[in-house]
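A.B. asks: Below you will find the structure I want to go over with you.
The values are calculated or read from the model by the stated rules, or taken from the named source; none is laboratory data. Please read all numbers here as calculations on a predicted model, not as lab measurements. No Cβ is skipped: glycine too gets one built from the backbone with ideal geometry, and neighbour counts run over all protein chains shown. When the accessible area is computed, the model is the full protein with side chains, heavy atoms only, and any ligands, DNA or RNA have been set aside. Shrake-Rupley method; radii C 1.70, N 1.55, O 1.52, S 1.80 Å.
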Amino acid sequence: MKQVLFVCLGNICRSPSAEAVFNALIEKNGLAEELKCDSAGTAAYHAGDQADYRMKQFAQKRGYCLTSISRQVDPKVDFDRFDYIIGMDSQNVRDLKAVARNENDRKKISLMTDYCSGKKYDSVPDPYFGGAAGFELVLDILEDACKGLIHKLQKPA
Ligand code: 4NP
C-alpha cells in the first residue's frame, strides 16, 4: 500500500480536489488495495471547514464529489504515514520542506505539476481570489497530473 498526501495552502480548493480526482482514478483502475490518499493544508485558517463551495460546484460538474474537511499538515504524523507528500505550488513545497524533520522526510516531497504530461504549468495556481476560469484550470491540471502520478505509482518502485 502506497499513501499519498496532497497539500495546498488552505486545504479547501486545490488539495481536496486532487484527493477527489485521484480517488476517482483509484476506483476506475481497481487500485483501492494498493493506493490511498488524503489532503491537508500548510495553513490552519480553514481547519474544520468543508471545501470551498465554488470548488465543489466546478468539481461536481465533472463528476467529483468533494467531501474532505480541512486540516493542517501535522509533520509528526504525516511524514511517517505518507510515502508521497505533494504540494500544489512551489510555496507549498517550501513550507513542507521547512517542517520536514530530516532528509528522509524531505525526500517524500514533490510538486504536483512534476507529474503532468506536458511542461505547460509549473504550479496548480491558487483559484481562491479569481473567477471560474481559475477553478476549471485547477481541475484540468489535476486531471493531467493525477494520471501521471497513478502511472508512476503503478510501476514497481
Ligand atoms: P487552497 O486555496 O490553498 O487551494 O485551498 C486557498 C484557500 C484559502 C485561502 C487561500 C487559498 N485563503 O487565503 O484563505
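A.B. asks: Return, for the Cα atoms of region 2-154, the radius of gyration and Dmax in Å, separated by a comma.
C.D. replies: In Å, with Rg to one decimal and Dmax whole: 14.1, 41.
A.B. asks: Which entries of Lys61/Lys97; Lys108/Lys147; Lys36/Lys76; Lys28/Lys76 show an alpha-carbon separation above 30 angstrom in the structure shown? Mind showing how you got there, number by number?
C.D. replies: Working: Lys61/Lys97 34 Å; Lys108/Lys147 19 Å; Lys36/Lys76 19 Å; Lys28/Lys76 32 Å.
Violating the 30 Å limit, Cα to Cα: Lys61/Lys97; Lys28/Lys76.
A.B. asks: Then there is this: Over the chain, calculate the relative contact order: mean separation of alpha carbon pairs under 8 Å at least 6 apart, over the residue count, as a percent. Show your work: numbers first, answer last.
C.D. replies: Details: 285 pairs, mean separation 41.1, N = 157.
Averaging sequence separation for qualifying contacts and normalising by length gives 26 percent for the chain.
A.B. asks: Picking from Gly48, Ile12, Phe79, whose Cα lies most toward the positive end of the charge dipole for the chain (charges on Cβ: Lys, Arg +1; Asp, Glu -1)?
C.D. replies: After comparing all options, I get Phe79.
A.B. asks: Here is a follow-up. Under a 10 Å cutoff between Cα atoms, tell me which one of Thr113, Thr67, Thr42 has the largest fluctuation in the Gaussian network model of the chain.
C.D. replies: Of Thr113, Thr67, Thr42, the most mobile in the Gaussian network model is Thr67.
A.B. asks: Could you compute the net charge surrounding Val138? Neighbours are other residues with a C-beta less than 9 Å from the C-beta of Val138; K and R count +1, D and E count -1. Don't skip to the end; give the middle numbers.
C.D. replies: Values: positive: Arg14; negative: Asp126, Glu136, Asp140.
My count for the surroundings of Val138 gives -2.
A.B. asks: Another question, if that's okay. What percent antiparallel are the DSSP beta bridges of the chain, to the nearest 5? If you can, show how the numbers build up before the last one.
C.D. replies: Working: 1 of 16 bridges.
Here the share of antiparallel DSSP bridges comes out near 5 percent.
A.B. asks: Looking only at Leu142, Leu96, Leu25, which one moves most when the chain is put into a Gaussian network model with springs between Cα atoms under 10 Å?
C.D. replies: Per the Cα network of the chain with a 10 Å cutoff, Leu25 tops the list.
A.B. asks: Around Asp80, under 15 Å between beta carbons, what's the net of Lys plus Arg minus Asp minus Glu among the other residues? Kindly include the intermediate steps, with their values, before the conclusion.
C.D. replies: Working: positive: Lys2, Lys36, Lys76, Arg81, Arg101, Arg106, Lys107, Lys108; negative: Asp38, Asp74, Asp78, Asp83, Glu103, Asp105.
Every neighbour counted, the sum reads +2.
A.B. asks: Count the net charge of all other residues whose Cβ sits under 9 Å from the Cβ of Leu111, scoring Lys and Arg as +1 and Asp and Glu as -1.
C.D. replies: Numbers: positive: none; negative: Asp89, Asp114, Asp122.
Every neighbour counted, the sum reads -3.
A.B. asks: Would you mind working out the magnitude of the charge dipole of the chain relative to its Cα centre, with +1 at each Lys and Arg C-beta and -1 at each Asp and Glu C-beta, to the nearest 20 Debye?
C.D. replies: Values: 22 positive and 22 negative charges, 42 e Å.
So the magnitude is around 200 debye.
A.B. asks: Turning to a different aspect of this structure: Between exposed GluC sites (Glu not before Pro) in the chain, where DSSP calls loop and at most 14 other Cβ atoms lie within 10 Å, what's the longest gap?
C.D. replies: 35-157
A.B. asks: For region 18-32 and region 44-89, what is the centre-to-centre distance using only Cα atoms, to the nearest Å?
C.D. replies: Region 18-32 and region 44-89 have Cα centres separated by 15 Å.
A.B. asks: Now for a separate question. Per residue, how much accessible area does the chain show when a 1.4 Å probe rolls over the protein heavy atoms, in square angstrom? Write out the running numbers ahead of the final one.
C.D. replies: Numbers: 8120 Å² over 157 residues.
Dividing the accessible area of the chain by its residue count gives 52 Å².
A.B. asks: Carbon and sulfur atoms: what percent of the 1.4 Å accessible area of the chain do they account for?
C.D. replies: Here carbon and sulfur together make up 50 percent of the probe-accessible area.
A.B. asks: Which helices count as membrane-span-like in the chain under these terms: full DSSP H, at least 15 Å along the axis by C-alpha, Kyte-Doolittle mean of 0.0 or more? Provide the component values of the computation, followed by the final result.
C.D. replies: Working: long enough: 14-28 (21 Å, -0.09); 132-154 (33 Å, 0.59).
Helices passing the filter in the chain: 132-154.
A.B. asks: What FRET efficiency comes out for the pair Arg81/Glu27, r = Cβ-Cβ distance, R0 = 25 Å, nearest 0.05? Intermediate results must be reported in sequence, preceding the final value.
C.D. replies: On the way: r = 21 Å, r/R0 = 0.86.
The value I calculate is 0.70.
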